[in-house]
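Below is one structure, written out as structure tokens; the observations come after it.
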């Protein structure tokens with residue numbers, strides 16, 4: 001079963017929620033919220049309805065989200081299919097500039113052969129260059145930057161009529 005990450009900022013910290021309201025807030029079943037309580041979410045259950053403080057709900061999801069977080073070391077990229085950081089297949093990475101200071105790295109996962117992407121800045125790119133064979137690619141020009149007409153247009157046909 002795939003674990004879902006919940007946005008801790010959805011819960012208002014100065015509000016208290018019933019189990020039903022918390023379930024509606026995060027788009028889950030009431031049983032899921034009860035499972036969160038069993039897993040350690042503090043609840044005020046001495047009275048009915050059982051109440052959950054918004055600050056406790058937000059803190060619970062912050063801790064839960066950071067507990068399973070995996071950071072990539074220099075030279076690794078995150079594979080979404082394998083759910084783990086991986087080295088590029090053969091150590092080969094294509095690098096395309098996005099802006100002057102941001103580059104998009106594209107590589108293939110050595111296990112599942114899925115394409116992995118990562119955005120990097122100049123400092124991280126320098127670290128990665130030591131570990132991988134990077135091929136710099138120039139971005140494709142936009143059609144508005146071209147002084148040639150589009151090849152697949154009907155420009156000639158419309159000018160003749």
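The values are calculated or read from the model by the stated rules, or taken from the named source; none is laboratory data. If you're wondering where the values come from, they're calculated on a predicted model, not measured in any experiment. Here the Cβ is made from the backbone with ideal geometry for all residues, glycine too, and neighbour counts use every protein chain on show.
When residues of region 28-81 are filtered for being assigned to a loop (DSSP other than H, G, I, E, B) and more than 16 Å from residue 5 (Cβ to Cβ), how many remain?
Matching residues across region 28-81 total 15.
Checking residue 119 against (1) at pLDDT below 85; (2) within 30 Å of residue 70 (Cα to Cα): exactly one of these is not met. Which one?
If we test residue 119 against (1) at pLDDT below 85; (2) within 30 Å of residue 70 (Cα to Cα), just (1) comes out false.
Taking residue 5, is it touching a helix residue (DSSP H, G or I) at 6+ places or on another chain (Cβ under 6 Å), closer than 30 Å to residue 82 by Cα and in contact (Cβ under 8 Å) with a residue 60 or more places away in the chain?
Taking the combined requirement at face value, the residue satisfies it.
State the number of residues belonging to region 15-29 that are under 12 Å from residue 49 (Cβ atoms) and loosely packed, with under 14 Cβ neighbours inside 10 Å.
The total comes to 1.
Yes or no, residue by residue, for (1) surrounded by 12 or more Cβ atoms within 10 Å (Cβ to Cβ); (2) in a strand (DSSP E or B):
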position	(1), (2)
100	no, no
112	yes, no
116	yes, yes
124	yes, no
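With the condition kept exactly as written, say whether any residue in region 38-57 is surrounded by fewer than 17 Cβ atoms within 10 Å (Cβ to Cβ), in the same structural domain as residue 14 (by TED's automatic domain parsing) and more than 25 Å from residue 14 (Cβ to Cβ).
Yes, because at least one residue in region 38-57 is surrounded by fewer than 17 Cβ atoms within 10 Å (Cβ to Cβ), in the same structural domain as residue 14 (by TED's automatic domain parsing) and more than 25 Å from residue 14 (Cβ to Cβ).
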